[in-house]
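The values are calculated or read from the model by the stated rules, or taken from the named source; none is laboratory data. Because the structure is predicted, anything quoted here is derived from the model rather than measured. Don't worry about glycine lacking a Cβ; one is built from the backbone with ideal geometry, like all the others, and counts go over all protein chains shown.
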Amino acid sequence: MEINEKQITVTSPLLPDLGELNNLLKEIWTAKWITNNGSFHRRLEKELASYLKVPYLSLFTNGTLPLITALQALRITGEVITTPYSFVATTHSLWWNGIKPVFVDIDPSNCGIDPNKIEAAITPKTTAIMPVHCYGKPCDTKAIQEIADKYGLKVIYDAAHAFGVEVDGESILNAGDISTLSFHATKVYNTIEGGAMVIRDEQTKKRIDYLKNFGFAGETTVVAPGINSKMDEVRAAYGILNLKQVDAAISARRKVANRYRESLRDVVGITFFDDMPGVRHNYSYFPIFIDAEKFGRTRDQLYQEMKDANVLGRRYFYPLISEFSTYRGLPSATRENLPEAYKIADSVLCLPMHHDLSEGDVDRVLNFFHK
Ligand SMILES: *Cc1c(COP(=O)(O)O)cnc(C)c1O
């Protein structure tokens, strides 16, 4: 294949119209209010809460700080049960709070933490569970909540992949005590860098707003050792514009997912997820799982073959978080404890998935499977 063919990337940022953005920038320049809970910040919080069907939401400057701040807000200490199959930020948020991560294996049917394996990992030091709705596929929130209630644990969902995901018309973001979102450039909905925390009640929302602004609860009162994680007006304005086009972007992604599925369904050695009944998916990623023996090529061979032809897949998530130097010494980080997570990490490849893929682009990806 000619190497100068256009590069197909695994993701591509959803960008607002430049003219419309410029109009909003003019408003910001006129107001001379560029951060600290300005009018675009307040407006985006309201619009997002309404779009996502959640009671309260607090904007953050990225998707990692709401994780760190949620643990602070709920005063989580000791040990937290979490998944090794995620982006490193999930576990890093525990480390930054001095909390010991306890890894539990995943359920290969949704790549989320396996509720059946949680109880065995609970000790007297366990204070919370931090699951991830991996690829935007809903965790078994009911089973997780039952365990949490039985043992008096908090549940914080890293919902970075789950923007707009609903189960039977209800937002998945309403599960647990707190959910966090990332609006990073690579996600379904982005504010360049950005994120949010989804909160159940007004009082906690107030506390979170203090915590993300150094703990200030007034001009001269600091109520907690807060951090600075405020979103500025420029990115809030950008976010307001992107929210108007996110549904169209999700539809475009659905089309890509359906073409992939149609074409890959009868390829021996390749498996993937179908839509779940009653779920509004966001098609944030399109992971496939490769059985090298049946497919005739290994995952890494396929990955490299695509890369050589300027088609970029991503081994997401590989390696497991539990394999990184910070965490590999933990008692729960062993291969014996995480057999399904290892299997999935060694076989997964995320195919290019974004709103801007043409039919020709999708054909170029699919050609690697039909030789
Ligand atoms: C992207 C992501 C984050 C981190 O979000 P940032 O906005 O990049 O800080 C956290 N967890 C998961 C699962 C993610 O995919």
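Numerical summary
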read-out: Lone qualifier among Thr83, Thr126 - being at pLDDT 95 or above and under 27 Å from Asp291 (Cα atoms); value: Thr83
read-out: Every residue from the stretch 69-91 that is of a type outside the set (S, T, N, Q) and farther than 22 Å from Pro138 by Cα; value: Ala73, Leu74, Arg75, Ile76, Gly78, Glu79
read-out: Subset tally (residues that are in a strand (DSSP E or B) and more than 16 Å from the ligand (Cβ to nearest atom)) for the stretch 181-233; value: 4
read-out: Search result, residues across the stretch 82-137 that are farther than 20 Å from Asn174 by Cβ, touching a Phe, Trp or Tyr at 6+ places or on another chain (Cβ under 7 Å) and part of a helix (DSSP H, G or I); value: Thr91
read-out: Of all residues making up the stretch 313-371, the number that are surrounded by fewer than 20 Cβ atoms within 10 Å (Cβ to Cβ), among the hydrophobic types (A, V, I, L, M, F, W, C) and part of a loop (DSSP other than H, G, I, E, B); value: 2
read-out: Selected residue (criterion: farthest from Met276 (Cα to Cα)) from residues of the stretch 172-203 that are surrounded by fewer than 20 Cβ atoms within 10 Å (Cβ to Cβ) and not acidic (Asp, Glu); value: Gln203
read-out: Selected residue (only one of Leu14, Leu57 is in a loop (DSSP other than H, G, I, E, B) and touching a helix residue (DSSP H, G or I) at 6+ places or on another chain (Cβ under 7 Å)); value: Leu14
read-out: Out of Glu27, Glu79, sole residue that is crowded, with 19+ Cβ neighbours inside 10 Å and away from the ligand (no atom under 16 Å from the Cβ); value: Glu79
